[in-house]
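**Q** Here you go, one structure.
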Amino acid sequence: MSKVLGILAIVLGIWIGAEVYTKGVDRAFGGIFAGAMDPLSTYDASPDDRSPVQKIGDNVRENIDLGAERTRRGVERGR
């Protein structure tokens, strides 16, 4: 029985971690962790509703485009 409870605790911990990782602290579980640091503050939804993973993806795309632009300018300058 203790093995089953241990496995259940591990699965629950992984699920909670994945939820917070993919949606961010502000949006995970409907925002219940949003005011965890300062319980007296009121939670205001940020204008940026993207998850951390989406923000990273957007940043990567911008950097790829910037690198392509730099390469294009370098090739044109070399002519």
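**Q** Can you work out which of the residues in the range 59-79 that are charged (D, E, K, R) and within 22 Å of the chain's Cα centre (by Cα) is farthest from Asp48 (Cα to Cα)? Working first, answer last.
**A** Filtering the range 59-79 down to residues charged (D, E, K, R) leaves 61-62, 65, 69-70, 72-73, 76-77, 79.
Next, from what is left, pick out any that are within 22 Å of the chain's Cα centre (by Cα): 61-62, 65.
Details: Arg61: 17, Glu62: 17, Asp65: 22 Å.
Per the stated criteria, the residue is Asp65.
**Q** Show the residue pairs that are 6+ apart or on different chains and have beta-carbon atoms under 6 Å apart, the first residue being within the range 52-70 and under 21 Å from Arg27 (Cβ atoms), the second being assigned to a helix (DSSP H, G or I) and at pLDDT below 95.
**A** Listed by first residue and then by second, the contacts come to Val53/Thr22.
**Q** Continuing with the same structure: Within the range 1-24, take every residue that is closer than 17 Å to Val53 by Cβ and among the small types (Gly, Ala, Ser) and give me the one that is nearest to the chain's Cα centre (by Cα).
**A** The extreme case among them is Gly24.
**Q** I need the full set of residues from the range 1-60 which are at pLDDT 75 or above, of a type in the set (S, T, N, Q) and loosely packed, with under 11 Cβ neighbours inside 10 Å, in order please.
**A** Of everything in the range 1-60, those that are at pLDDT 75 or above, of a type in the set (S, T, N, Q) and loosely packed, with under 11 Cβ neighbours inside 10 Å turn out to be Ser2, Asn59.
**Q** Could you tell me how many of the residues in the range 61-79 are acidic (Asp, Glu) and at pLDDT below 90?
**A** Of the range 61-79, the ones acidic (Asp, Glu) are 62, 65, 69, 76.
Narrowing the set further to residues that are at pLDDT below 90 leaves 76.
Matching residues across the range 61-79 total 1.
The values are calculated or read from the model by the stated rules, or taken from the named source; none is laboratory data. Because the structure is a prediction, the values reported are computed rather than measured. Every residue, glycine as well, gets a Cβ built from its backbone with ideal geometry; the counts of neighbours run over all protein chains shown.
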